[in-house]
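The structure under discussion appears below in the form of structure tokens.
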Amino acid sequence: MYHLAKSVYQQLTRKEEYSVLILGLDNAGKTTFLERLKGEFGGKSLPPERINPTIGQNVGHVIVDGMHLKLWDVGGQENLRTLWNAYYAECHAIVFVVDSTDRERLEECKNTLKEVVVNEATEGIPLLMLANKQDCEDSMDVVDIIEIFNKIAEHVSARDSRVLPISAKEGTGVGDAGRWLAVRLGRVPV
Amino acid sequence: MPRAEALTPLSLLKQILLLQTIYYTIILILVGFSCWVSGDAFNLGLIFDWHSVRFDNTIGWTISMLWLIDTVFTVLAMTVIVGRSKLALDFTVTLHVINIIVSTIYTRALPTNGLWWLIQATSTVLMTILGTWTSQWRELRKTFFEEGYEMVSRNTNQPSNPV
């Protein structure tokens with residue numbers, strides 16, 4: 001009877017939670033984006049200057065328009081990327097953060113994104129690409145970034161995807177990114 | 001073996017009801033058989049009326065013992081249906097609480113029979129201990145490490161860059 005009552009209680013108080021995976025090369029601003037998103041939607045957040053490179057993962061809970069999002073921010077260093085595979089099966093959306101100022105590693109960035117989207121486990125999952133660091137003067141335009149990632153778009157065409165310009169440091173565009181996720185996730189079953 | 005996700009309200013309710021049905025079916029067979037052997041008249045009151053459990057006549061004694069035998073058989077059913085040692089206490093208490101309610105409703109009086117309560121207490125303790133033990137036995141049985149499977153297949157494709 002105790003377990004029956006407990007399970008009834010859990011069913012009644014259960015809230016639907018969506019997992020969002022934040023990917024991208026190292027130094028792209030994944031953790032800064034996560035912290036900014038937490039701050040934007042009423043949580044505590046770490047200021048950008050206090051964020052160190054992520055080894056392992058950070059997890060954040062954010063409520064956007066009544067929708068519970070669980071964000072997984074995983075380390076982006078090259079030898080940590082092999083760990084990403086383990087997250088694909090459980091996530092409902094992927095956020096791919098691109099460093100708009102890092103022209104030298106654009107090729108690496110493209111290849112990394114390609115590896116993510118061609119993986120069977122990510123099929124049909126909404127993909128949000130964030131052109132980060134738009135506050136920097138030498139950053140590439142979103143239009144250019146969309147252009148560059150068009151080659152990968154052939155794999156992405158079948159699913160929801162979007163490129164948004166943001167500055168995780170300044171906080172511009174972060175709210176829009178969160179709301180885009182909430183809208184897209186509202187369409188997929190948990 | 002039921003898995004963790006099987007703990008939904010509906011499945012728990014089904015298990016409780018099934019166990020209760022089995023509990024009463026077994027006592028029905030046991031009491032029915034004793035009556036047939038001894039030539040006594042059978043009626044449902046022998047099972048559900050708490051006045052039937054008494055030590056001053058043969059049939060009272062028999063019924064008291066049959067309830068405890070029923071407990072042992074129900075433990076087997078519980079091991080098969082529930083099969084989880086951590087739920088044994090919960091299911092046992094639930095079963096007996098329902099039995100107390102059923103007896104009270106059938107007799108239309110709260111049980112004041114000390115012996116009946118003693119049988120319930122003994123039965124609860126017996127079922128909890130035996131149920132926990134048999135469920136544990138079931139949980140700890142060898143399942144997938146038989147037949148010489150390799151425990152871990154080592155991945156030799158390690159990343160070339162050392163961390």
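The values are calculated or read from the model by the stated rules, or taken from the named source; none is laboratory data. As the structure is a prediction and not an experimental result, all values here were calculated from the model. Note: ideal-geometry Cβ built from the backbone for every residue, glycine included; neighbour counts use all protein chains shown.
Before moving on, here are some points about what is shown:
- Once the stretch B:19-46 is narrowed to residues that are hydrophobic (A, V, I, L, M, F, W, C), surrounded by 14 or more Cβ atoms within 10 Å (Cβ to Cβ) and modelled with pLDDT of 90 or more, the residue that is farthest from A:ALA5 (Cα to Cα) is B:CYS35.
- Scope the stretch A:146-190; condition among the hydrophobic types (A, V, I, L, M, F, W, C), part of a loop (DSSP other than H, G, I, E, B) and either crowded, with 19+ Cβ neighbours inside 10 Å or modelled with pLDDT of 90 or more (or both); matching residues: A:PHE149, A:ILE166, A:ALA168
- Contact map, the stretch A:48-64: first residue closer than 16 Å to A:ALA28 by Cα, second residue among the acidic types (Asp, Glu), Cβ cut-off under 8 Å, separation 6 or more or different chains; pairs are A:PRO48/A:GLU35; A:ILE51/A:GLU35; A:PRO53/A:ASP26; A:THR54/A:ASP73; A:GLN57/A:ASP73; A:ASN58/A:ASP73.
- Within the stretch A:91-115, the residues that satisfy the criterion of being touching a helix residue (DSSP H, G or I) at 6+ places or on another chain (Cβ under 6 Å) and in a helix (DSSP H, G or I) are A:LEU113, A:LYS114.
- Residue that is nearest to the other protein chains (Cβ to nearest Cβ), among those in the stretch A:1-20 that are within 19 Å of A:VAL174 (Cα to Cα) and either of a type in the set (Gly, Ala, Ser) or surrounded by 24 or more Cβ atoms within 10 Å (Cβ to Cβ) (or both): A:SER19
- Test: residue in the stretch B:116-138 that is part of a loop (DSSP other than H, G, I, E, B) and either modelled with pLDDT under 90 or surrounded by 15 or more Cβ atoms within 10 Å (Cβ to Cβ) (or both): no
- Matching residues in the stretch B:36-57 - criterion: being in contact (Cβ under 8 Å) with a residue 12 or more places away in the chain and either in a helix (DSSP H, G or I) or under 20 Å from B:THR94 (Cα atoms) (or both): B:SER38, B:GLY45, B:LEU46, B:ILE47, B:PHE48, B:ASP49, B:TRP50, B:HIS51
- Residues satisfying the stated conditions in the stretch A:46-92, i.e. more than 14 Å from every other protein chain (Cβ to nearest Cβ), charged (D, E, K, R) and surrounded by fewer than 18 Cβ atoms within 10 Å (Cβ to Cβ): A:GLU49, A:ARG50, A:ASP65, A:LYS70, A:GLU90
- Considering each residue of the stretch A:130-145 in turn, none proves to be modelled with pLDDT under 85, in a strand (DSSP E or B) and under 22 Å from A:SER19 (Cα atoms).
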